[in-house]
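The block underneath contains the structure these notes are about, expressed in structure tokens.
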Amino acid sequence: GLFTPLVALFLPRAVLLTSLGVITLIFLAFEILRFRASSINRWFLLHFRPLLRETEVSRLTGTSYMLIASLIAFLVFPRDIAVIALSFLAVGDSLATIAGKQLGKRKLFDKTVEGDVVCFASCVAIGLVFYYVGLSVPLLTIVAGAIAAAIIEAIPLPINDNLTMPLFAGLVMTVMPI
């Protein structure tokens, strides 16, 4: 999950967008193909089912949503905000899931309060890492983005949070006054 944001720090914008566009198109083409050809879907499920959520058996995988979000984020947000927003997804969403399953006792919507708190804290932490390595996003903006990411992660939306979390956090960070 951190691969794309980290690579984005070193690649020229045109190379990054072209690469992300091609990779995203390849993933989406494969997803469409597996939905239309049952033999391909059987092969895919045979090899990747342990990595999938139940909903991903018949819908786009989280990876496809993450790639779409990455492409959109780097197209519409400044690079540093896109990097941080996508890192919120990679770190915050993953740790929220782990914490929710391991520590979660109090439910809020379909998630746990413990997972939500860990999501927020880990988003702030990864944002601070990027702040201290020199990305030009103010601390208050990072905290606002972390709040936005944690809220979107907690709310049961019909759209996959791999798409909504980085885009909402990126939008909030982009509109924050400097």
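The values are calculated or read from the model by the stated rules, or taken from the named source; none is laboratory data. Being a predicted model, the structure only gives us computed values, none of them experimental. Here Cβ is always computed from backbone atoms with ideal geometry, including for glycine, and neighbour counts include all displayed protein chains. The area values use the complete protein model at the heavy-atom level, side chains included, leaving out ligands, DNA and RNA. Shrake-Rupley method; radii C 1.70, N 1.55, O 1.52, S 1.80 Å.
What to note about this one:
- Computing percent of Cα pairs over 28 Å apart for the structure here picks out one of (1) 26; (2) 20; (3) 43, namely (1).
- Candidate cross-link partners of residue 107 among the aspartates and glutamates, defined by an alpha-carbon separation under 19 Å and a same-chain spacing of 8 or more, comprise 93, 116, 153, 161.
- Heavy-atom accessible area with a 1.4 Å probe sorts 4, 97, largest first, into 97, 4.
- Taking a span of 24 Å or more along the helix axis (Cα atoms) and a mean Kyte-Doolittle hydropathy of at least 0.0 as the rule, the DSSP H helices of the chain that qualify are 13-36, 113-132.
- Spin-label zone in the stretch 145-178 - amide nitrogen under 17 Å from a point set 7 Å from the Cα of residue 9 along the C-beta vector: none
- Relative contact order, whole percent, for the stretch 56-166 stands at 33, derived from Cα pairs under 8 Å and 6 or more residues apart.
- Assigned charges on the beta-carbon of Lys, Arg, Asp, Glu; the stretch 23-178 dipole about Cα centre (debye): 420 debye
- Cut-off 12 Å between beta-carbons: net charge of the residues surrounding residue 118, Lys and Arg +1, Asp and Glu -1: -2
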